[in-house]
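As structure tokens, the structure follows; a few thoughts come after it.
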Amino acid sequence: MTARILHVARVVTGLSTVHAPGTVVVDDKHIAWVGTPDQLPDTWTTNKPHQIHLPQATLLPGLIDAHVHLAFDHSADPHRAAEKWGTAVQQLLHGGITTARDLGAPHHTDISAVAGTSGPRILSAGVPLTIPGGHCDEFGGSVTTAADIDRIVSHNAERGAAWIKVMVTGGFTSRGPSSPYSPQFTDTKLADIVAAARDHDLPVAAHAHGTAGIRQAVEAGVDSLEHCTWMTENGFHLDHGIVNAIAEQRILVCPTINHLARHASGRLPWPVRRAQLVAMLSAGVRIVPGSDAGIPHTPHHLYGRSLPAYTDLGFSPAEVVDLVTRRAAEALRVGHLTGTLTAGRAADLIAVPGDPTRELHALTTPILVMSSGHLHYLDINAEEDTPR
């Protein structure tokens, strides 16, 4: 792969440093150098690598979506069109997403087929564990015994899973009788699932809507809580004791905020959701952004449109950029690979018009995307000098 030098108006490194103007050198799959143009070492000027000039753009680490479903196509019945991974992966790239955590796919989906492409880094959970007839049972991960649990967890680990997903409660797209307000597993079974994941050194992501299920997941020692909506059959009940336990145990919360969340007025009104999240943040809970892309009305490429919602929680635009890059990478345990623009890290980066640390809307229109050094142009007007 040919080395490239990218020249932009500013480089947001993710390490509290901004170079304006800025230059980044990419050599093969990794970042080789970052700084200002006048500091560029002679090594990179004499060898005449490709030069890419985006004089009005900001270069920053690629976005990270911590909760997606690549097998779904965001239609009214996403299960009907399952396994359109190729389309979803391309949409992620067009949305500037270079790392995504896939949290649930059918049992015959080949994780390695996606991981081996030039697309985004996929942190897959493989087949989610559930009960017979429970949430996402059709994926093939229903378990009733300890042997079932070991089989599914081992199968996921063998196929390259980075996380184990468990449906602690039912969900709103469940086809069976399970309820989003109630736990699906006994305490013992959930503890067995966490223990099985630990045997393979894998963290556990717990789908949990209802307060009872959130409590059960926290007591079982999961590593992340997905949705965490504090629902009951009669409304909502945010338990501050559980919130404190989540903070103390350093459990992540991925609230799955999509581009429609701020306008929601149905079963999860934004004022209620915002108050929940502010309370959790105030208690020291770590939040990692994720969109739940693939579910109805949530395409994989609209992640950038969801991010202004985090300013309602008290984050500045610059803090949101940090949250969805460096901090998300650290939370998902890949901070040593990606999330910042520094020499030695993977060349996962995007260029956007303007300055996203001041105006988050810039993140919705990436003009260049690079994943592990593979260049994906979204704006054909980018100027590139090719050595002859």
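The values are calculated or read from the model by the stated rules, or taken from the named source; none is laboratory data. Because the structure is predicted, anything quoted here is derived from the model rather than measured. Positions of Cβ are generated from backbone atoms using ideal geometry, with glycine treated the same way; all protein chains shown enter the neighbour counts. These accessible areas exclude ligands, DNA and RNA; they are computed on the full protein's heavy atoms, side chains included. Shrake-Rupley method; radii C 1.70, N 1.55, O 1.52, S 1.80 Å.
What to note about this one:
- Scope region 1-48; condition touching an Asp or Glu at 6+ places or on another chain (Cβ under 7 Å) and more than 24 Å from Pro356 (Cα to Cα); matching residues: Met1, Ala3
- In region 141-162, the condition of being in contact (Cβ under 8 Å) with a residue 60 or more places away in the chain, surrounded by fewer than 24 Cβ atoms within 10 Å (Cβ to Cβ) and out of contact with any helix residue (DSSP H, G or I) (no Cβ under 7 Å at 6 or more places or on another chain) is met by at least one residue.
- Pairing residues of region 350-362 that are at negative phi with residues that are of a type in the set (Ser, Thr, Tyr) and not in a strand (DSSP E or B), at Cβ distances under 8 Å and at least 6 apart in sequence or on separate chains, gives Val352/Thr365; Pro353/Thr365; Leu360/Thr311.
- Scanning region 279-307 for residues that are part of a helix (DSSP H, G or I) and open to solvent by 10 Å² or more (accessible area, probe 1.4 Å) returns Ala279, Leu281, Ser282, Arg305.
- Residue list for region 15-39, filter: open to solvent by 10 Å² or more (accessible area, probe 1.4 Å), touching a residue at least 40 places away in the same chain (Cβ under 8 Å) and under 18 Å from Leu54 (Cβ atoms): Val18, Trp33, Val34
A quick yes/no check of all residues on (1) in contact with a Cys (Cβ under 7 Å, 6 or more places away or on another chain); (2) closer than 20 Å to His135 by Cα:
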{"position": "Ala217", "(1), (2)": "no, yes"}
{"position": "Ile246", "(1), (2)": "no, no"}
{"position": "Cys254", "(1), (2)": "no, yes"}
{"position": "His263", "(1), (2)": "no, no"}
{"position": "Val288", "(1), (2)": "yes, no"}
{"position": "Leu313", "(1), (2)": "no, no"}
{"position": "Leu323", "(1), (2)": "no, no"}
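- Residues of region 335-372 classified as within 19 Å of the chain's Cα centre (by Cα) and part of a loop (DSSP other than H, G, I, E, B), total: 14
- Scan region 224-278 for residues that are acidic (Asp, Glu), in contact (Cβ under 8 Å) with a residue 40 or more places away in the chain and open to solvent by 30 Å² or more (accessible area, probe 1.4 Å) and the total you get is 1.
- Lone qualifier among Ala220, Ala206 - being surrounded by fewer than 22 Cβ atoms within 10 Å (Cβ to Cβ) and assigned by the TED database to the domain that holds Ser291: Ala220
- The condition (being modelled with pLDDT under 95 and open to solvent by 10 Å² or more (accessible area, probe 1.4 Å)) is satisfied by just one residue among Asp379, Asp355: Asp379.
- Here Leu268 clears all of (1) modelled with pLDDT of 95 or more; (2) assigned to a loop (DSSP other than H, G, I, E, B) except the condition numbered (1).
- On inspection, Phe172 qualifies as touching a residue at least 24 places away in the same chain (Cβ under 8 Å), farther than 18 Å from Gly141 by Cβ and of a type in the set (Phe, Trp, Tyr).
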